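Asker: After the structure tokens below, expect a handful of questions from me.
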Amino acid sequence: MHLDPHQANAQRKNQVKCSETHRSAFEPDKLPIPVSAPLDAYAPSLSALGRASILALAYVAGWVALWFGASGMNLAVGVSLWYPPAGLTFAVLLAYGGGALPLPIVASLLAGLSIWPLAQWPAFLLANLLCPLGYLMAALLLRRARSQPATCGWPLDEPHRVAAFLAAAGFGGLFSAGIGTLILRQPGLWAPGQSWSETLLGFWVGDFIGVATIAPVALYFIFPLAQRLARRERASPVRNRLAGRTGARLAVVQIAVSAILLALLFLSLPGVWSAQLHPYLLLLMLPVLSWIVTSWDMRGTVLFLLFYELAIVARVALAGEDDLVFQYQLVMAALLASGLMTGAVSQARRVVHARLRDSRDALERRVEQLARLSSQLTLTEQRERHRLAELLHDHLQQLLVAAVWRVEGIESQTEGSARTEAAELRSLLDRAIRASRTLALDLSPPVLRQGTLPEALAWLAQMMRTVHGLRVSLRIESQVSPEAEEVRVLVFESVREALLNVVKHAQVLQAELELTRQDADAITIVIRDRGIGMDASRVGDGHQLAQGFGLFAMRERLGLLGGEMRINAVPGGGTEVRLSLPIARCGAGQRAVPVAGLTRVADSSLAASNDSS
């Protein structure tokens, strides 16, 4: 990661402070370094400066070695396809800014000492000083457009970033080629047999190929390694970007296909094959190259492109086809631009898929948390209902019964108007006892805790007939009974809410209740009436319909448990409420619960529940 001067100074001060604290902590007899001791205080900075100097020398040596390698091949075979040092020049300026400009200038001067005649020294010196300015301007524009610091100077992980990188490489190459061509037009420097436009175009495309090939390699591999070495960090191993057996097999297949293509490429040499290979036929490698780069991230893409470009350079060098140099340059530039753009599209898609996968996993975890909270809420609500029912049964009802006994004693001992008032008081107390018992049953029916869901629904049907006069026809499969208590409670409350809506709004005295197993994965509960109907769309928002807020709340709770509630209703045509819940949410498994006589309403159900109260 590149640090500006202010960040670098702050980091050096922090390193000095950490070093002093470490030394004073383990050497109690030595105090921290005072301000009046500049030599010791700047020792860590001198060490950092030494490492930076070594890295700068390594860069210059690498630049010079790359220059001699490319120039030596050009002189040996008479063919110049690309200029790799331009890639190192642009890469160091893009990664470290204008402060690194002296490095490529010094490297180019050192490289040219062995071949520059003394008379041509001013022209070559001017060319080496001016040509990097185009790459500097392009690098500064990219660095200014960079939203945040990146470890490789300019990430090539998105198509628009690759397009900007290629445009900057083209601009820098054009500037450098233009300056070089203008200087070389001086007498004694111009190569005979070449026009000004041919020289400019050859230099420009060669520089572009060098930048597009070498700069990504330096930005993704060389400079991050140098930064880790400067910070004294252990170099991390290169990770395999294709995980698993499938990825390994795919990598082997891709390497084999590439080897076959390169073998065919070298078998087409003029001395081996009778027919001459046209350079544009190499564009047939584009589909294979696109298939390869879409399987890897940008690191793998950069390496594969370098491998293919070196193969083309070697093939042209062996063939010596100097008359087709420009065509080969166009093919190399097309392969580079297509490969980098395809790799960036694949990388961006891979990043988007990873983010979507992370968002989906986070959403699933959130849904699971909400489901657990909903289950805990249902159980907590049921426990509170049970506590209140016990409070009514064990305390309030006992007090009311004691009051009845007391009033009966007073009634037996009085006559006349006092006896009549005592009788009326006893009647009111009897009504209070019945109301408290009914309230206790509504809060926590014993059959819901002690029985199965079919038995609880049968009790609810009898309760609706006795209290509200609603006759409910039952059709229940006896072997469908969720084991999870929160599911039984939620289904029971949902059915009761739906039946109460029939009593309040349907204007009928009959309803149907079905409990079936829809398939191997879900159970279904259907509440149906033939009343005046309703507008089902208004139940979707509890704030829009106050009387439907109960159904809205039940729908939300069922949704948190993986279930759903559907309401099919037409004004004047009746209403059907359909509840469904996955088996996985209904407990560890299903147990057969034989419940006889549930196709009709048993009058004894309510009596048994009342007796148990």
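The values are calculated or read from the model by the stated rules, or taken from the named source; none is laboratory data. Model, not experiment: these values are computed from the prediction. FYI the Cβ positions are ideal-geometry reconstructions off the backbone, even for glycines, and counts take in every protein chain you see.
Asker: Check GLY451 against each of (1) touching a residue at least 12 places away in the same chain (Cβ under 8 Å); (2) more than 20 Å from GLU384 (Cβ to Cβ); (3) over 44 Å from the mean Cα position of the chain (by Cα) and name the one condition it does not meet.
Answerer: The failed condition is (1).
Asker: Consider LEU142 against the criteria (1) in contact with a helix residue (DSSP H, G or I) (Cβ under 8 Å, 6 or more places away or on another chain); (2) at pLDDT below 85: it satisfies all of them except one. Which criterion is unmet?
Answerer: Failing condition for LEU142: (2).
Asker: Using beta carbons and a limit of 7 Å, which pairs, at least six apart or on different chains, have the first residue in the stretch 217-246 and assigned to a helix (DSSP H, G or I) and the second one at pLDDT below 80 and exposed (fewer than 10 other Cβ atoms within 10 Å of the Cβ)?
Answerer: Within 7 Å, the pairs are LEU225/ALA235; ARG228/ALA235.
Asker: Additional query: Residue under question is SER473, and the condition is that it be in contact with a helix residue (DSSP H, G or I) (Cβ under 6 Å, 6 or more places away or on another chain), touching a residue at least 24 places away in the same chain (Cβ under 8 Å) and assigned by TED's automatic domain parsing to the domain that holds GLY550; does it hold?
Answerer: For SER473, the condition - in contact with a helix residue (DSSP H, G or I) (Cβ under 6 Å, 6 or more places away or on another chain), touching a residue at least 24 places away in the same chain (Cβ under 8 Å) and assigned by TED's automatic domain parsing to the domain that holds GLY550 - is not met.
Asker: When the stretch 90-110 is examined, which residues are found to be surrounded by 20 or more Cβ atoms within 10 Å (Cβ to Cβ) and closer than 18 Å to LEU184 by Cα?
Answerer: Across the stretch 90-110, the qualifying residue is only SER108.
Asker: Further, regarding this structure: I'm trying to understand the selection: among the residues of the stretch 474-500, which are assigned to a loop (DSSP other than H, G, I, E, B), surrounded by fewer than 22 Cβ atoms within 10 Å (Cβ to Cβ) and among the aliphatic types (A, V, I, L, M)?
Answerer: Hit for the stretch 474-500 is ALA484, nothing else.
Asker: How many of the residues making up the stretch 316-348 are of a type in the set (Phe, Trp, Tyr) and crowded, with 17+ Cβ neighbours inside 10 Å?
Answerer: Total meeting the criteria: 1.
Asker: Here's something else I'd like to know. Please work out which residue is modelled with the lowest pLDDT, limiting yourself to the stretch 371-424 and to residues that are β-branched (Val, Ile, Thr) and in a helix (DSSP H, G or I).
Answerer: It comes out as THR378.
Asker: From the list ALA56, ALA100, ALA65, ALA95, which one is in the same structural domain as LEU184 (by TED's automatic domain parsing), modelled with pLDDT of 80 or more, in contact with a His (Cβ under 7 Å, 6 or more places away or on another chain) and not basic (Lys, Arg)?
Answerer: Exactly one residue qualifies, and that residue is ALA95.
Asker: Looking at VAL351, VAL313, can you tell me which residue is under 15 Å from THR213 (Cα atoms) and either assigned by TED's automatic domain parsing to the domain that holds MET73 or surrounded by 13 or more Cβ atoms within 10 Å (Cβ to Cβ) (or both)?
Answerer: Of the residues listed, the single one that is under 15 Å from THR213 (Cα atoms) and either assigned by TED's automatic domain parsing to the domain that holds MET73 or surrounded by 13 or more Cβ atoms within 10 Å (Cβ to Cβ) (or both) is VAL313.
Asker: Hey, does the stretch 502-520 have a residue that's assigned to a strand (DSSP E or B), at pLDDT 80 or above, touching a Gly at 6+ places or on another chain (Cβ under 6 Å) and more than 20 Å from VAL487 (Cβ to Cβ)?
Answerer: no
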